[in-house]
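Structure first, then comments.
The values are calculated or read from the model by the stated rules, or taken from the named source; none is laboratory data. Not measured: the values here are computed from a predicted model. No Cβ is skipped: glycine too gets one built from the backbone with ideal geometry, and neighbour counts run over all protein chains shown. For accessibility, only protein heavy atoms count, side chains too; no ligands or nucleic acids. Shrake-Rupley method; radii C 1.70, N 1.55, O 1.52, S 1.80 Å.
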Amino acid sequence: MRPARALIDLQALRNNYRIARELTGAKALAVIKADAYGHGAVRCAQALEGEADGFAVACIEEALELRAAGIRAPVLLLEGFFEAEELALIVEHDFWCVVHSLWQLEAIEKAALSKPITVWLKLDSGMHRVGLHPADYQTAYQRLQASGKVEKIVLMSHFARADELHEQASADQVAVFEAARKDLSAEVSLRNSPAVLGWPQIPSDWVRPGIMLYGATPFEEANEVAARLQPVMTLESKVICVRELPAGEPIGYGAKFITQKPMRVGVVAMGYADGYPRHAPTGTPVLVAGQRSQLIGRVSMDMLCIDLTDIPQAGLGSTVELWGKNILASDVAMAADTIPYQIFCNLRRVPLLYSGA
Ligand SMILES: *Cc1c(COP(=O)(O)O)cnc(C)c1O
C-alpha cells in the first residue's frame, strides 16, 4: 500500500474551535466549506457537533451532504442560493441563507415559502466582491422584514485585509458597516479567522472562523495568538528509495538541482497529484526520521526528493512529514508562494485517517 496519507486530529480541531470562542466571547460558525478545507466536512462536523453553534459552507450541495450525514446543527450557506429553486430545500432542511444581492432579495419576496427562513444580510463594506451596497442596506433589511418570509436577520460583512494587522482597511470596513446598520437592532457577524485572532475590538455576536480551526495561521508574520493553534492535518509518507550520488549529478525533472558534493538522497511517495505544491522549491522544509531536512529538485506527480546527507538514521522506510505539527503548512505554503488555505484544499488522492473523534 502506498504510504502517503493525511492524519486528521479531531481533538486539535475542537481545541482550535474553543480558542475562537474564547478569544471573542461570541457564537462561532465553524466554516467547513470546500470539504472542511480538505479535512473532510462530515467528520469535522461530527467532531464539533456537540459544541459548535453551527456550520458554514459555500453552497447547498455541501449543506445537503451534512444533513445526509445526520448533522442537525444550523448550517449557513455563505453565498446563499445560486438559483431561486434552492429556496424549497433551504426551507425543508432549515438552512440559513446569506443574501448578498438584490436579485436574491427579490427571489425571496416572490417565493412561496412554507415557513419563514433565517437570512444573513451581507453588506459590501469595501471588499467589492459580493454584498449589498451601503445605500441599499437599510431598504433591503426593511423589505425582508416586510416580506413575511423571514423570521430572523443577522447583519454580516466580510474583510478583505484582516490578515494585515497594520493596515487601516479593516477599521474602515467596520466604520462603513456601522454606518450602514445604524439603528438596526440585529445580531452582527464580521470576523473571519484573521479578525478573530488579530482584531479583538471588533463587535461580534457571531464569528466565522475557517483556517484557524485547522490550526494554520492566516498571517504572514509570526503571531502569538495564532501560535496557540494546533495543526489538525499531518501529511506524511515514507522514503521508498535511497541513492548515494557523487558531486555534479542532476536530480529529477529538468535537472533543476545538481549535487554540489556527494549526497544521500531519499525519494518520497508524495507528489503534486496528492496536492503537494509543485512550485515548492529546493529548500522547502520537511521532517524525516524526526529531523528537519529539505526538498531538493522538482516535485513530480507521485514522488519528490529530499536530502538525507546529514541524517544517517534516515533511510528506506523512514517516515516523512510534509506538513503537520512540526513542519507548518503555512511555512510550506509560503515557500511555494501560496497560502495554507490552498495547499489544504488541493489535497487529493491520499486517504484521510482520523483520530480523536
Ligand atoms: C471562507 C469564509 C470565512 C472563513 O475565512 P477564514 O479566513 O478561513 O477564517 C468566513 N466568512 C466568509 C464569508 C467566508 O467566505
Take the stretch 319-338 and flag every residue that is touching a residue at least 60 places away in the same chain (Cβ under 8 Å) and not small (G, A, S). T319, V320, E321, L322, W323, K325, L328, M334, T338
Residues in the stretch 253-264 that are assigned to a loop (DSSP other than H, G, I, E, B) and either open to solvent by 50 Å² or more (accessible area, probe 1.4 Å) or within 11 Å of I306 (Cα to Cα) (or both) total 4
Only one of L229, L165 is within 15 Å of the ligand (Cβ to nearest atom), out of contact with any strand residue (DSSP E or B) (no Cβ under 7 Å at 6 or more places or on another chain) and open to solvent by 50 Å² or more (accessible area, probe 1.4 Å); which? L165
Positions within the stretch 236-252 being part of a strand (DSSP E or B) and surrounded by 12 or more Cβ atoms within 10 Å (Cβ to Cβ), in sequence order: E236, S237, K238, V239, I240, C241, V242, R243, L245, P250, I251
Pick from L121, L190: which is open to solvent by less than 20 Å² (accessible area, probe 1.4 Å), under 20 Å from A107 (Cα atoms) and within 16 Å of the ligand (Cβ to nearest atom)? L121
Test each condition in (1) within 24 Å of V130 (Cα to Cα); (2) modelled with pLDDT of 95 or more for M270 and report the one that comes out false. (1)
Quick check on L132: is it more than 16 Å from the ligand (Cβ to nearest atom) and either open to solvent by less than 60 Å² (accessible area, probe 1.4 Å) or in contact with a strand residue (DSSP E or B) (Cβ under 9 Å, 6 or more places away or on another chain) (or both)? no
Collect the residues in the stretch 135-149 that are within 24 Å of G54 (Cα to Cα) and either touching a Phe, Trp or Tyr at 6+ places or on another chain (Cβ under 9 Å) or open to solvent by 20 Å² or more (accessible area, probe 1.4 Å) (or both), keeping them in residue-number order. Y141, Q145, K149
Name the one entry in L308, L316, L304 that is in contact (Cβ under 8 Å) with a residue 12 or more places away in the chain and either open to solvent by 70 Å² or more (accessible area, probe 1.4 Å) or charged (D, E, K, R) (or both). L316
I need a count of the residues in the stretch 205-218 that are in a loop (DSSP other than H, G, I, E, B) and either among the β-branched types (V, I, T) or surrounded by fewer than 21 Cβ atoms within 10 Å (Cβ to Cβ) (or both). 2
Could you check the stretch 265-357 for strands (runs of 3 or more DSSP E) lying wholly inside it with 3 or more residues that are under 20 Å from I8 (Cα atoms)? 285-288, 319-323, 352-355
Counted residues, the stretch 42-58 - those being open to solvent by less than 50 Å² (accessible area, probe 1.4 Å) and without any contact (Cβ under 8 Å) to a residue 24 or more places away in the chain: 0
Which of (1) in contact with a Pro (Cβ under 9 Å, 6 or more places away or on another chain); (2) loosely packed, with under 14 Cβ neighbours inside 10 Å; (3) of a type in the set (A, V, I, L, M, F, W, C) is the odd one out, the single condition W103 does not satisfy? (1)
